[in-house]
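Asker: Before anything else, here's the structure in question.
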Amino acid sequence: NAGVTQTPKFQVLKTGQSMTLQCAQDMNHNSMYWYRQDPGMGLRLIYYSASEGTTDKGEVPNGYNVSRLNKREFSLRLESAAPSQTSVYFCASSESWLAGNTIYFGEGSWLTVV
Amino acid sequence: QKEVEQNSGPLSVPEGAIASLNCTYSDRGSQSFFWYRQYSGKSPELIMFIYSNGDKEDGRFTAQLNKASQYVSLLIRDSQPSDSATYLCAVKRGGSQGNLIFGKGTKLSVKP
């Protein structure tokens, strides 16, 4: 059982380049999330999708776009990468958006913007 | 005031001791409370969740919740070197705000 799978695991981008982080879950979860984790800042929510067909901004959405492609897949796009977007990105999913549902994380994507 | 606060540590305990990790939160409407463990270079993994006031035990781990004081803690009994990791407290709001708010984590080091 793969759980939450993210690709790529590592990526180096030049400032201004674009890229898409892919995420898929096989747990039939309704809700999916993208977080970033920076030293001293903890995990911060970028965007989330409470259910298929919906997406909403989280705490730090600027510079990112998302697509909930179907129930399984939720991608994160950086249109014009900036050094401030150097971070570790985690995709996550939960059965539903309601309080009390456990969130499960993917293995992370290490992104460096130079 | 930050929404979820944790002492960043590092918290160092000898092997076999009890490690006590603490977390406070600011939103009184919060309904669910989670503890995640994160090893260096790895993703967070769920250890425990607690919804009701009081204690919840799972093996060597005990989560404690006091909603009146807006305080949640994690006790690790018989600490092992393999418990050395960063422990993240996360709080889930109720109602329409269902996402998790994470603390910055407490780094725990268990010395053999």
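The values are calculated or read from the model by the stated rules, or taken from the named source; none is laboratory data. These figures come from a predicted structure and were not determined experimentally. So basically every Cβ, Gly included, is an ideal-geometry build from the backbone, and we count neighbours across all protein chains shown. All accessible areas refer to the heavy atoms of the entire protein, side chains included, with ligands and DNA or RNA removed. Shrake-Rupley method; radii C 1.70, N 1.55, O 1.52, S 1.80 Å.
One line per residue, one yes/no per condition, for (1) more than 10 Å from the chain's Cα centre (by Cα); (2) under 23 Å from B:Val91 (Cβ atoms):
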{"residue": "A:Leu21", "(1), (2)": "no, no"}
{"residue": "A:Asp26", "(1), (2)": "yes, no"}
{"residue": "A:Arg36", "(1), (2)": "no, yes"}
{"residue": "A:Ile46", "(1), (2)": "no, yes"}
{"residue": "A:Ala50", "(1), (2)": "yes, yes"}
{"residue": "A:Val60", "(1), (2)": "yes, yes"}
{"residue": "A:Lys71", "(1), (2)": "yes, no"}
{"residue": "A:Gln85", "(1), (2)": "yes, no"}
{"residue": "A:Phe90", "(1), (2)": "no, yes"}
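Asker: So which of A:Arg44, A:Arg36 ends up being of a type in the set (Lys, Arg) and either under 20 Å from A:Ala2 (Cα atoms) or at pLDDT below 95 (or both)?
Answerer: Just one listed residue meets the conditions, A:Arg44.
Asker: When residues of the range B:77-112 are filtered for being buried (at least 18 other Cβ atoms within 10 Å of the Cβ) and either within 16 Å of B:Arg28 (Cα to Cα) or within 10 Å of the chain's Cα centre (by Cα) (or both), how many remain?
Answerer: The qualifying residues number 16.
Asker: Quick one: would you say A:Asn65 is of a type outside the set (Gly, Ala, Ser) and in a loop (DSSP other than H, G, I, E, B)?
Answerer: Judged against the criteria, A:Asn65 is not a match.
Asker: On to the next question. Given the condition away from chain A (no Cβ under 13 Å) and farther than 17 Å from B:Gln38 by Cα, answer yes or no: does some residue in the range B:80-102 qualify?
Answerer: No, there is no match, as no residue in the range B:80-102 is away from chain A (no Cβ under 13 Å) and farther than 17 Å from B:Gln38 by Cα.
Asker: Of everything in the range A:1-28 that's crowded, with 20+ Cβ neighbours inside 10 Å and more than 11 Å from chain B (Cβ to nearest Cβ), which residue is farthest from A:Ala82 (Cα to Cα)?
Answerer: A:Gln25
Asker: Would you be able to say whether some residue in the range A:68-81 is open to solvent by less than 40 Å² (accessible area, probe 1.4 Å), over 24 Å from B:Leu88 (Cβ atoms) and in contact with a Leu (Cβ under 7 Å, 6 or more places away or on another chain)?
Answerer: Looking for residues that are open to solvent by less than 40 Å² (accessible area, probe 1.4 Å), over 24 Å from B:Leu88 (Cβ atoms) and in contact with a Leu (Cβ under 7 Å, 6 or more places away or on another chain), one finds at least one in the range A:68-81, hence yes.
Asker: If you don't mind, there's one more thing I want to ask. Those residues that are open to solvent by less than 60 Å² (accessible area, probe 1.4 Å) and not in a strand (DSSP E or B), I need them from the range B:38-70; list them, please.
Answerer: The answer is B:Gly41, B:Ser43, B:Pro44, B:Gly59, B:Gln70.
Asker: Separate question: Would a scan of the range A:9-30 turn up a residue that is part of a strand (DSSP E or B), modelled with pLDDT of 95 or more and closer than 16 Å to B:Gly41 by Cα?
Answerer: The answer is yes; a qualifying residue exists.
Asker: Continuing with this model, one more query. Against the conditions (1) more than 9 Å from chain A (Cβ to nearest Cβ); (2) outside any loop (DSSP other than H, G, I, E, B); (3) touching a residue at least 24 places away in the same chain (Cβ under 8 Å); (4) open to solvent by 70 Å² or more (accessible area, probe 1.4 Å), where does B:Gln31 fall short? Just the number, please.
Answerer: Against the list (1) more than 9 Å from chain A (Cβ to nearest Cβ); (2) outside any loop (DSSP other than H, G, I, E, B); (3) touching a residue at least 24 places away in the same chain (Cβ under 8 Å); (4) open to solvent by 70 Å² or more (accessible area, probe 1.4 Å), B:Gln31 comes up short only on (1).
Asker: Could you check, for the range A:36-48, whether at least one of its residues is over 30 Å from B:Met48 (Cβ atoms) and not in a strand (DSSP E or B)?
Answerer: Scanning the range A:36-48, I find no residue that is over 30 Å from B:Met48 (Cβ atoms) and not in a strand (DSSP E or B), so the answer is no.
Asker: Go through (1) touching a strand residue (DSSP E or B) at 6+ places or on another chain (Cβ under 7 Å); (2) outside any loop (DSSP other than H, G, I, E, B); (3) surrounded by fewer than 21 Cβ atoms within 10 Å (Cβ to Cβ) and name the single condition A:Ser84 misses.
Answerer: Looking at each condition in turn, A:Ser84 falls short on (1).
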